[in-house]
Amino acid sequence: MADAPLAKDLIALTKPRIISLLLVTTVAPMYVAGVPSVLTVLLVMLGGYLMAGGANAVNMYIDRDIDDVMARTKLRPIPSGRMHATAVLAFGVGIATAATWMLAVYVNVLTAALALAGFYFYVFIYTRWLKRSSPQNIVIGGAAGAFPPLVGWAAVAGQLDLTAWLLFLIVFYWTPPHFWALALNKQRDYGNAGVPMAPLVWGEEETIAQMWWYSVLLVGLTVLPVAFGAFGPIYLVSALVLGGLLLWGVWKVRAAATPEARVKPSWWVYGYSLLYLALLFLAMAIDRRVFA
């Protein structure tokens, strides 16, 4: 029982709630790409969790200074003093290394390489470089979160095709409206930490306009695979209904007359966008199984 608090902190370092969505966008493409064995799915899920968890832990090591001044992060293991920064770094690198080895040996090298590329992109391109230097941090850095569909696809197909890259782009274009919806309501935190999130640099009006256009492009992208014959009517209807709700939510944010009036609809967009992506990828897998 004495180790229970440590185990809890180690799990917290991996950000399991965030990883749960990443696993959906990893596993669903596996069933689009082919018919994976249960063992392959379990190995990819475990490897994906360890890799993403390692990236999240290293992120907390790098961001330990700003986590200490942000209300939503100051209770994390490092700023709260429960864990030493070096131990967190070692843990993150260790589980990411284990994930790379396991995926390379028991799945295939391409899968391991793509997962590791996502790790490096998140740690070095997003966290180390863009996060504190540019309001484009979420736009470019968000590519790290778009690697899971490629990982899942490669695990089954052993290669990447046009559909796999379209799934990558769907997550890429989903990321800005999702995170900016949060940033609109966390501007004080980001301001205190000196993180140049879009609302602080561009202003709320421009950020919301960008959210709208990214959402429009996203919905268009979700329909594009149907035009190439990758998916059928189940997915098409799901993409249109889910995308329509997303556009409605972002429009409500855009139509709000004051910052105070934007709080509720922007929180709705943030929460719904998580459900949106999960259901969209689930619809892909169901559609492919029905119309295979």
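The values are calculated or read from the model by the stated rules, or taken from the named source; none is laboratory data. Predicted, not measured: the structure shown is a model, and the values here were computed from it. As a convention, Cβ positions derive from the backbone with ideal geometry for all residues, glycine included, and neighbour counts pool all protein chains shown.
Of all residue pairs spaced 6 or more apart or on separate chains, those with beta-carbon atoms under 8 Å, a first member in region 265-292 that is without any contact (Cβ under 8 Å) to a residue 40 or more places away in the chain and a second member that is assigned to a helix (DSSP H, G or I) and of a type in the set (V, I, T) are P265/V253.
Taken over region 226-261, the criterion of being free of Cβ contacts under 8 Å to residues at least 40 places away in the same chain, assigned to a loop (DSSP other than H, G, I, E, B) and buried (at least 16 other Cβ atoms within 10 Å of the Cβ) is satisfied by A256 alone. For residues that are surrounded by 15 or more Cβ atoms within 10 Å (Cβ to Cβ), farther than 15 Å from N59 by Cα and of a type in the set (G, A, S), tally how many sit in region 78-103. Selection size over region 78-103: 2. Annotation note: of L217, L200, the sole residue that is at pLDDT below 95 and among the hydrophobic types (A, V, I, L, M, F, W, C) is L200. Tell me whether region 43-63 contains one or more residues that are charged (D, E, K, R), out of contact with any Leu (no Cβ under 6 Å at 6 or more places or on another chain) and modelled with pLDDT of 90 or more. For region 43-63, residues charged (D, E, K, R), out of contact with any Leu (no Cβ under 6 Å at 6 or more places or on another chain) and modelled with pLDDT of 90 or more: absent. On inspection, L160 fails the criterion of being buried (at least 24 other Cβ atoms within 10 Å of the Cβ) and modelled with pLDDT of 95 or more. Based on this model, can you work out whether L39 counts as of a type in the set (A, V, I, L, M, F, W, C), in the same structural domain as F124 (by TED's automatic domain parsing) and under 30 Å from F291 (Cβ atoms)? So L39 fits the description; yes.
Of the residues V38, V44, which single one is farther than 21 Å from T175 by Cβ, without any contact (Cβ under 8 Å) to a residue 24 or more places away in the chain and of a type in the set (A, V, I, L, M, F, W, C)? Criteria check complete, one pass: V38. Checked against (1) surrounded by fewer than 18 Cβ atoms within 10 Å (Cβ to Cβ); (2) more than 25 Å from T26 (Cα to Cα), V223 passes all but a single condition, namely (2). Taking region 1-73 as the region of interest, the helices (runs of 4 or more DSSP H) fully inside it that hold 3 or more residues being closer than 21 Å to A113 by Cα are 16-33, 38-62.
Of the residues making up region 204-220, those that are touching a residue at least 24 places away in the same chain (Cβ under 8 Å) and farther than 27 Å from M30 by Cα are E204, T207, I208, A209, Q210, M211, W212.
Give me the residue from region 5-29 that is of a type in the set (K, R) and more than 21 Å from L103 (Cα to Cα) and, out of that set, surrounded by the most Cβ atoms within 10 Å (Cβ to Cβ). Among those residues, the one meeting the criterion is K8. The set of residues in region 56-70 that are crowded, with 22+ Cβ neighbours inside 10 Å and either within 15 Å of R188 (Cβ to Cβ) or not assigned by TED's automatic domain parsing to the domain that holds Y122 (or both) is empty. Candidates V195, V201, V171, V123: the one that is touching a residue at least 60 places away in the same chain (Cβ under 8 Å) and surrounded by fewer than 19 Cβ atoms within 10 Å (Cβ to Cβ) is V201.
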